[in-house]
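A quick write-up on the structure given underneath.
The values are calculated or read from the model by the stated rules, or taken from the named source; none is laboratory data. Since the model is a prediction, treat every value here as computed from it, not as a measurement. Methodologically, a virtual Cβ is constructed for each residue, glycine included, from the backbone with ideal geometry; neighbour enumeration extends over all protein chains shown.
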Amino acid sequence: MSTPPSEALSWRSIADLVGNRPDAPVAIVGAGVNERSLTPGRCDLGPKAFRAVLPRFSTYDVETGSELSTLVHDAGDVAVKALSPAAAFQPIRDAVAAQAKRGLTVLIGGSNAITRPGVHALGLERVGVLTLDAHFDLRDTDQGLTNGNPIQALLDDGMDGKRISQVGLAPFANTKRAHDKAKAAGISVRTARECRQQGLAAVVAEELARLSALADVIYVDFDIDVIDRSQWPASPGARPGGVSAEAFFDATRVIGAHPKVKAVDLTEYDPSLEIGDLGSLTAGRWFCELLAGFESR
C-alpha cells in the first residue's frame, strides 16, 4: 500500500483541478471587460485575482465529507483589454460558444457587460436567464452599452422577458422606471427582502424551476454585488442590506446542481477594492460551491 503524500507543507487544492484539460466537463474563461463602467474601477483585474486565490482552497468539504474531483479546463482570457462592451461582444460570445460541449462554462469578469454575450452564446431563442444582482440592469441603451444595461440590451435583442428571473434586487439602488420596465416585460422580480425572509437558495430553486419550464438551457449571472457590503466590499455597487455570503454560497450550490444550467458568469468583482483578501476568498469559495453543485448532477 502506497503512503499518501505528506500534507506538512501543502494540500490538494482546487487549483490542482484546473489546467489545460481539453476533455474536462467544466471550463473557465476570463473576460476582464472594464470600459464604460458606470462607476470607475478595476474589474478587469478579476480573472487574474480569481485564479491566484484557488490554491488556498482544498478539494475537501468537511460538512458533507465529499472530495471534489471534477477537472476544469482553463480556456484562458478573451482579449478584451480596453474594448468597449459593444466591441467585446463577439469575442466573448465566441469564446463561450467554443465551450458548448462542456457540462458547464464559467465566465469570470469583468463587469456585468459580459453577461449579454454570454447569454447569446447559448442561443437567445432557447435560453433562460437568472440574475443574482442588487440591480435591474435595465438602464436605457440610447447612449450605448454599459455594465448597467445588459438586461435591457437582451430585451432590445428580442429576448422574451418571461424567460428572465432577477433575484436579490435592493431598495434605493434602482428606479421606478426600471421596475416598471421589468414588470411590463414579464420579468420575474424577487427582492433582497424576499430572499432574506424565504432563503436565497429557496427563491433561486423556485426561479430555476420556473425557467426550466420555459427554456432549454439556463444562463446564470452572479453579479456579486448582491452580497451585503459588510461581507463584500469588493464591488462598487454592493450595498448594506444585501444577501449574506453564506446564503450566496448555498444558492450557488443549488445553481451548480441544476442540469439545465449550462453557463454562468461572475461579475463586478473589483480587486482594487479588496480588504484583507475578502473579495478573492469569497470568489474562490463561490467556485468551490459551484463545482460541488455540479458534481451532484
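When residue 272 is tested against (1) surrounded by fewer than 19 Cβ atoms within 10 Å (Cβ to Cβ); (2) polar (S, T, N, Q); (3) closer than 17 Å to residue 54 by Cβ, only condition (3) is not met.
When each of 58, 66 is tested for being exposed (fewer than 14 other Cβ atoms within 10 Å of the Cβ) and small (Gly, Ala, Ser), the lone residue that passes is 66.
Do we find a residue being within 20 Å of residue 265 (Cα to Cα), part of a loop (DSSP other than H, G, I, E, B) and without any contact (Cβ under 8 Å) to a residue 24 or more places away in the chain anywhere in the stretch 66-86? For the stretch 66-86, residues within 20 Å of residue 265 (Cα to Cα), part of a loop (DSSP other than H, G, I, E, B) and without any contact (Cβ under 8 Å) to a residue 24 or more places away in the chain: present.
Scanning for something within 19 Å of residue 60 (Cα to Cα) and outside any helix (DSSP H, G or I), does the stretch 208-228 turn up at least one residue?
no
Provide a single number: the residues in the stretch 169-192 that are more than 21 Å from the chain's Cα centre (by Cα) and in a helix (DSSP H, G or I).
Step one: filter the stretch 169-192 for residues more than 21 Å from the chain's Cα centre (by Cα), giving 171-172, 175-181, 183-186.
This time we only want the ones that are in a helix (DSSP H, G or I), so: 176-181, 183-185.
Number of matching residues: 9.
Going by what's in this entry, would residue 289 be described as acidic (Asp, Glu), touching a helix residue (DSSP H, G or I) at 6+ places or on another chain (Cβ under 7 Å) and farther than 24 Å from residue 33 by Cα? Considered against the rule, which asks whether it is acidic (Asp, Glu), touching a helix residue (DSSP H, G or I) at 6+ places or on another chain (Cβ under 7 Å) and farther than 24 Å from residue 33 by Cα, residue 289 comes out as yes. Annotation for the stretch 140-152: at least one member residue is farther than 20 Å from residue 254 by Cβ, in a helix (DSSP H, G or I), under 15 Å from the mean Cα position of the chain (by Cα) and not β-branched (Val, Ile, Thr). Among the residues of the stretch 28-56, those that are at pLDDT 95 or above, out of contact with any Cys (no Cβ under 9 Å at 6 or more places or on another chain) and β-branched (Val, Ile, Thr) comprise 28, 29, 53. Given the criteria closer than 20 Å to residue 36 by Cβ, surrounded by fewer than 23 Cβ atoms within 10 Å (Cβ to Cβ) and among the charged types (D, E, K, R), does residue 180 qualify? When the stated conditions are applied, residue 180 does not pass them. Of the candidates 166, 197, the single residue that is out of contact with any His (no Cβ under 6 Å at 6 or more places or on another chain) and assigned to a helix (DSSP H, G or I) is 197.
Does residue 237 satisfy the condition of being at pLDDT below 95 and on the phi > 0 side of the Ramachandran plot? Even if it seems obvious, please write down each step before you answer.
On the way: at pLDDT below 95: yes; on the phi > 0 side of the Ramachandran plot: no.
Here the answer is no, as residue 237 does not meet what is asked.
Filtering 30, 109, 19, 41 for residues that are in contact (Cβ under 8 Å) with a residue 40 or more places away in the chain, touching an Asp or Glu at 6+ places or on another chain (Cβ under 7 Å), small (Gly, Ala, Ser) and surrounded by fewer than 18 Cβ atoms within 10 Å (Cβ to Cβ) leaves a single hit, 19.
Of the residues making up the stretch 1-57, those that are under 23 Å from residue 79 (Cβ atoms) and either part of a strand (DSSP E or B) or of a type in the set (Ser, Thr, Tyr) (or both) are 18, 19, 26, 27, 28, 29, 30, 31, 37.
For every residue, the table says whether it meets (1) out of contact with any Pro (no Cβ under 8 Å at 6 or more places or on another chain); (2) closer than 30 Å to residue 240 by Cβ.
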| residue | (1), (2) |
| --- | --- |
| 101 | yes, no |
| 105 | yes, no |
| 115 | no, yes |
| 118 | yes, yes |
| 123 | yes, no |
| 131 | yes, yes |
| 139 | yes, yes |
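I want to confirm something. Restricting to the stretch 223-245 and keeping residues that are within 15 Å of residue 169 (Cβ to Cβ) and charged (D, E, K, R), which single residue is surrounded by the fewest Cβ atoms within 10 Å (Cβ to Cβ)? So the residue we want is 239.
The rows are residues; the columns are (1) farther than 15 Å from residue 115 by Cα; (2) at pLDDT below 95; (3) touching a helix residue (DSSP H, G or I) at 6+ places or on another chain (Cβ under 6 Å).
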| position | (1), (2), (3) |
| --- | --- |
| 153 | no, no, yes |
| 158 | yes, no, no |
| 164 | no, no, no |
| 174 | yes, no, no |
| 182 | yes, no, no |
| 186 | yes, no, yes |
| 203 | yes, no, yes |
| 218 | no, no, yes |
